[in-house]
Amino acid sequence: MGTQATALKPSMQLPPDAPRPDFRWTVSLPTTWRIIDLNPARTDAVISNLLRDDDLVPGARLKRSHQREVKQQMMEMATQARDAGSVLALILPGVLDDTVTAVTLLMRWVDSAPTSASVLGAQKQLGSPEDSTVEKTNQGDPYLLFHSQMEGGPITQRRTLYTHQAFIPAPGTTWTLVVSATAPSAESSDGVEAIVRRVAASFAVVPDDTQLTFNNDDDADGASSAQTPFSRVWLSEEGEVNNAR
């Protein structure tokens, strides 16, 4: 694979009203997941375009009835993500027991000003949960990983949902990035947790004088060939997503 670096170009706009810091930051995202545009003026069109993709669900072709269900799920997810102040929303749709399901991956920023962002602050916010661990990013900075379960789904098809959240304090600031994903089954929970861990580990604040370039060798982001491929993105206060893909 080549190593030539190429300049990044803006690919979309983040939600204008979503809270976010005034510094640039970067994370790596799973390339098999689909980004949902959270701008209300574009959400419907973006989702409709996604549903025209025969590879939307890996290894399966959605029936027309399933397409309607997926669109409804995506629209509802986008609305909930906007209401929660998310800056990014990704989705991985699938079929479980002939029922359309979707794993969601959301990112939002929390400002604790005037208090500095910290793992201790995140623990206090969650009430010092037992089902949590302190992990480290690839930069060596600590973050809190939290797991929870709850019942969800339609009344006639209730199931246990497994949520994994990473609270990542941006060092030297009052801002914490919250990465969360919910798995629709116990079988998919470990894989979803692994995605959250990798996204969280990839987080870094980008100095203002850093030139935003992409090197093709960064695609795997430390993953083995058996893992979901990741691709790095750079984000700024203005809302531009510089996408490496």
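See the values below:
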{"item": "Qualifying residue in the range 18-38 (condition: at pLDDT 85 or above, over 26 Å from Thr174 (Cβ atoms) and touching a Phe, Trp or Tyr at 6+ places or on another chain (Cβ under 7 Å))", "result": "yes"}
{"item": "Residue pairs meeting the criteria (Cβ under 7 Å; at least 6 apart or on separate chains; first under 21 Å from Leu14 (Cα atoms), in the range 41-64; second of a type in the set (Val, Ile, Thr) and at pLDDT 85 or above)", "result": "Thr43/Ile36; Val46/Ile36; Ile47/Ile36"}
{"item": "Long-range neighbours under 6 Å by Cβ, at least six apart or interchain, first residue more than 14 Å from Leu90 (Cβ to Cβ) within the range 166-187, second acidic (Asp, Glu) and assigned to a strand (DSSP E or B)", "result": "Thr174/Asp111; Trp175/Asp111"}
{"item": "Counted residues, the range 163-211 - those being of a type in the set (Ser, Thr, Tyr), surrounded by fewer than 19 Cβ atoms within 10 Å (Cβ to Cβ) and at pLDDT 95 or above", "result": "2"}
{"item": "Residues of the range 106-134 classified as modelled with pLDDT of 95 or more, surrounded by 16 or more Cβ atoms within 10 Å (Cβ to Cβ), touching a strand residue (DSSP E or B) at 6+ places or on another chain (Cβ under 6 Å) and not basic (Lys, Arg), total", "result": "7"}
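The values are calculated or read from the model by the stated rules, or taken from the named source; none is laboratory data. Quick caveat: nothing in here was measured; it's all calculated off a predicted structure. Note that we place each Cβ from the backbone using ideal geometry, even for glycine, and neighbour counts take in every protein chain shown.
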